[in-house]
Each structure stands twice: as structure tokens, then as C-alpha cells.
Amino acid sequence: MSEGVEWALHSCVNLAWSGSDRAVSAARLAAWHDLPAAYLNKQLQALARAGILTSSPGPRGGFRLARPLAAVSLMDVVAAVEGPEEAFRCAEIRRQGPGAGEPAPDGAAAECAIAHAMAQADLAWRKALAAQNLDEIRQRAERQAPEAPRRLRAWLDAQ
């Protein structure tokens, strides 16, 4: 998973803390954590395409949450940034080289045991991410750093 997922998750929480009435530019969101703005903008655009954020152009434009954090799962963000593909892709190397196995006698190809195990793990991972929403993450972050929302809003107001 790319660092873009982490950046996107933090950006969603930061947008919630900034207030629903404020659009925040990718450059401002990036500056808060000293991230490259152009790369963060790509992640934010992916979130906008997925309907998690909205974007508005112009000097007072930027990004806002399109939905309440409770309606956005961690899996929604991961899928928006990374795409819907499974993390593991079986290339069927068991059918190559001197180690290639014999085809099944009835012509049916048995699923690769490794691909099966990896698919089960991927499904469990996706279910775990889908079971957590961004509001739960926001609440946990606020318990860890109660001053963070106020600090972010003050920093945005000073700019």
C-alpha cells in the first residue's frame, strides 16, 4: 500500500477538523504535514472522483468532505487511492519451467493453493477496513491529541 493512502486518510480527518464551511487547497493540506503538494493533490483528486471529497477551483477553492466521516470507510479511501484490485496477483508460475505440474486429467484447472490463501487474506483485510469508518479514526485521533483540531483551524486562519 502506498504512502498516498496514509496521506489521504489524514487529509480527510484534517478536512473534518477544518470545518465544513472551508475549502482547503491541496497545497495547504500538504504544508500541514510537510508533504509534496503535487503528489497529495493526486490522492485528493482520486478521493474526489470516488465521491469522498468535492473540489472547487479558483483562488478560494480547494477540497471539502462530500460525506460525513461516519459514511466513509477506510476501505473506501484505500480503494479510491490504490484501486479495486486485489493486493496479490497470481501469475500461475506453477505452470512454468521444469517445475510445471501436469494439468488435471479432466481438464479443470485447480485453483492455486497460494492464490486461494492470499485471496482469503485479502478478503479478511478488506472486511476489516470496511468495518472501520473515518469518524472512528477522527475520534481516536482527538483522544490522542485533543488540541489537534484547534491547532489546525488556527493555522489555517492565520494564512
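The values are calculated or read from the model by the stated rules, or taken from the named source; none is laboratory data. Since this is a predicted model, take the numbers as computed values, not measurements. As a convention, Cβ positions derive from the backbone with ideal geometry for all residues, glycine included, and neighbour counts pool all protein chains shown. Only protein heavy atoms, including side chains, enter the accessible area calculation; ligands, DNA and RNA are left aside. Shrake-Rupley method; radii C 1.70, N 1.55, O 1.52, S 1.80 Å.
Overview of values
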quantity	calculated
Under-5 Å amide H pairs with residue 53, H placed in peptide plane, nonlocal only	48, 66
Mean residue ellipticity (222 nm) of the chain, computed from DSSP H runs ≥ 4 via -39,500 (n - 2.57), nearest 500	-16500 deg cm²/dmol
Sites matching chymotrypsin sites (Phe, Trp or Tyr not before Pro) across segment 28-64 that sit in DSSP coil, with at most 16 neighbouring C-beta atoms within 10 Å	none
Accessible area per residue in Å² at 1.4 Å probe, computed on the chain	60
Between 0 and 90°, nearest 10: helix 37-49 axis offset from the chain longest Cα axis	70
Length-normalised contact order for segment 43-87 - Cα pairs under 8 Å, 6+ apart - percent	36
Proximal charge balance of residue 154 [Cβ under 14 Å; K/R count +1, D/E count -1]	+3
Loop-located trypsin sites (Lys or Arg not before Pro) in segment 1-71 whose Cβ has at most 12 other Cβ within 10 Å (DSSP)	60
Percentage relative contact order, segment 11-95, counting C-alpha pairs under 8 Å, at least six apart	28
Net length gained if the chain between residue 60 and residue 155 were fully extended (0.36 nm per residue, minus Cα distance)	32.6 nm
Heavy atoms of residue 137: accessible area, 1.4 Å probe, square angstrom to 10	40
Rounded to the nearest 10 Å², the accessible area of residue 56 at probe 1.4 Å	40
Under 9 Å, Cβ to Cβ, from residue 15 - net charge with Lys/Arg +1 and Asp/Glu -1	+2
In Hz, Karplus ³J(HN,Hα) per residue of segment 59-66 (6.51, -1.76, 1.60; θ = phi - 60°; x = Gly, Pro)	x, 9, x, x, 10, 9, 5, 8
Cut-off of 10 Å, at most 12 other beta carbons, DSSP loop: longest stretch of the chain lacking such GluC sites (Glu not before Pro)	1-84
